[in-house]
Amino acid sequence: MIDDVRAAADAAVERLAAVATLAEARALETELLGKRGPFAEFKTRLGALATVEEKKAAGQALNEATQAVQSAVQARAQELQRAERAVQLEAERIDLTEVLSKPGRGHAHIVTQAWQRLEDVFVGLGFQVAEGPEVETDWYNFEALNMPPDHPARSMHDTFYVDHGNPGSTVLRTHTSPVQIRVMQHIAPPIYMIMPGKVFRNETTDATHLAVFHQIEGLVIDRGITLAHLAGTIEAFTKAFFGDGFSSRLRPSYFPFTEPSAEFDIRTPKGDWLELGGCGMVHPNVLRAGGLDPEEWSGFAFGFGIDRMAKERHAVGDVREMYTNDIRFIEQF
Ligand code: FA5
C-alpha cells in the first residue's frame, strides 16, 4: 500500500503542475483531497491492514503524502494567482500620459502675449504697472492733456461718445494717455509707471488700423528728467523687447500733451524702419492738471500700439486677421 500511496502522491503533483488556472487547481484539490478522493480511500484501507506495524508505517506514509499534495496545491495556487493578477493589472492599466499629451490645449492670444512680454520687459527696467477706466470723461481724455474743447488736435482722434451726463462729456478713451493724469493725481513722484489697456477710435479699419486696439503708455516723473533719459529708455526697451540687432530713433513730431514731441521708430536687423508710437517731455500744463509743480518736477511720456507690435513681431500681414477668431490662424502663435 505504501508504494500505492507514494505513486498516487507523485501523480497528483504531476497533474497539479499541468493545470492552467486557479479554478482548475481548486477543482483538482477537491478531487484529490476530498471525501471521494484517492487519499480518503487509502485511509479506509488502513483499517484492513493486518498488523499494527503495517498500519503505523502506511499511516505515516499517507500523512506525508497528503501533506506533500497539500503544499503542492498551495504552491501552485499561489503561482497561478500571481500570474492572473499580473494579467488583470496589465488589462486595467490607465495610461495617464496619453491624456496629457492629447492635442487641444489653448494658449494666450498673440496680443495678450505681446502685452505680457511688454509688462515683463518694463518691470525688468524698474517700472510699475497701472490701469485706468476704458470709459472716460472728456476732461481726462482731452482737456487735462492740454486739449481744450476747441483744440484742433481733437480732430486727430475720431471719438466714440457715450450717452451719459452732459452731451459729449463721456467718451470711450481714444488713447491710454488719460491714465497719466490719474496716476499723477494718486501717486507722489518719483513715478516710473506703464499703463497698458484697450482704446477705441471711430475709424475705418484697414491692414494697420483697428477701431478697438491696445496701447501701452509710459510715464516717468522725477527731478531733472531730460530728453536724454527718454531716448535712453526707448533704446533700452527696444533692445530688451526685440533683441540686440534692433535700435531706435526719435523723429520730431507733435502731440499737445508733450513738448518737445517725437515719433519713435525702430530699426530692424534688415535695416527697415518701423513706426512704433509717440513720446515726448510732459507738457507743463499736463503736470499742473495732474497736481504737480512744473518748476519742481519734469518727466517724459510715451505711448505705442500693442497690436501693431504683435503684428510686426509675428510678421502678420493685416492686424484684422488677429481678431477673426479663426483657430487655424490663432494656433500658429
Ligand atoms: C497717441 O495715441 C498718443 N497718446 C501717444 C503718446 C503718448 C504720445 C504719450 C506722446 C506721449 P497715436 O494716435 O499716434 O498717439 O497712437 C499711438 C500708437 O497707437 C500708434 O503709433 C500706433 O502704433 C497705434 N495706433 C494708433 N491708431 C491705431 C489704430 N487705429 N489701430 C491700431 N493701432 C493704432
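The values are calculated or read from the model by the stated rules, or taken from the named source; none is laboratory data. Bear in mind that the values here come from a model prediction, so they are computed numbers and not experimental data. Note that each Cβ is placed from the backbone with ideal geometry, even for glycine, and that neighbours are counted across all protein chains shown. Calculation scope for accessible area: heavy atoms of the full protein, side chains included, ligands and nucleic acids excluded. Shrake-Rupley method; radii C 1.70, N 1.55, O 1.52, S 1.80 Å.
Laid out as a table, the results:
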quantity	calculated
For the chain, alpha-carbon Rg relative to the globular expectation (2.2 N^0.38 Å, N residues)	2.19
Computed [θ] at 222 nm, deg cm²/dmol, the chain (DSSP H ≥ 4; -39,500 (n - 2.57); rounded to nearest 500)	-13500 deg cm²/dmol
Rounded accessible area of Thr30 (nearest 10 Å², 1.4 Å probe)	90 Å²
Positive dipole terminus of the chain, leading residue within Cys279, Met1, Trp139 (C-beta point charges)	Met1
Pairwise centroid distance, computed over Cα atoms, of segment 251-270 with segment 132-148, Å	22 Å
Mean Kyte hydropathy of 0.0 or more with a Cα span along the axis of at least 24 Å, helices from DSSP in the chain	2-18
Accessible area expressed per residue, the chain, with surrounding protein chains retained (probe 1.4 Å, Å²)	56 Å²
Cβ-defined net charge surrounding Pro149, 12 Å radius [Lys, Arg +1; Asp, Glu -1]	-2
Area of Lys43 that stays accessible when all protein chains are in place (1.4 Å probe, Å², to 10)	140 Å²
20 Å Cα-Cα reach of Lys198 towards lysines, excluding residues that sit fewer than 8 places from it in its own chain	Lys311
Cα centre as origin, Lys/Arg/Asp/Glu Cβ charges: segment 154-217 dipole, Debye	200 debye
Dipole of the chain, positive direction: furthest Cα of Ala77, Ile191, Val123, with charges on the beta-carbon	Ala77
Net charge dipole size for the chain [Lys, Arg +1 and Asp, Glu -1 on Cβ; Debye, nearest 20]	1020 debye
Antiparallel bridge percentage (DSSP; both residues within segment 110-330; nearest 5)	95 percent
With DNA, RNA and ligands ignored, accessible area of Ile327 (1.4 Å probe; Å², nearest 10)	110 Å²
Ranked order, Asp95, Asp163, Asp265 - accessible area, probe 1.4 Å, largest first	Asp163, Asp95, Asp265
log₁₀ of I(q)/I(0) at q = 0.12, 0.15, 0.24 Å⁻¹ - segment 2-99, Debye sum with one point per alpha carbon	-0.49, -0.65, -1.17
Sorted peptide list for 252-263, 211-222, 182-193, criterion being average Cβ within 10 angstrom, highest first	211-222, 252-263, 182-193
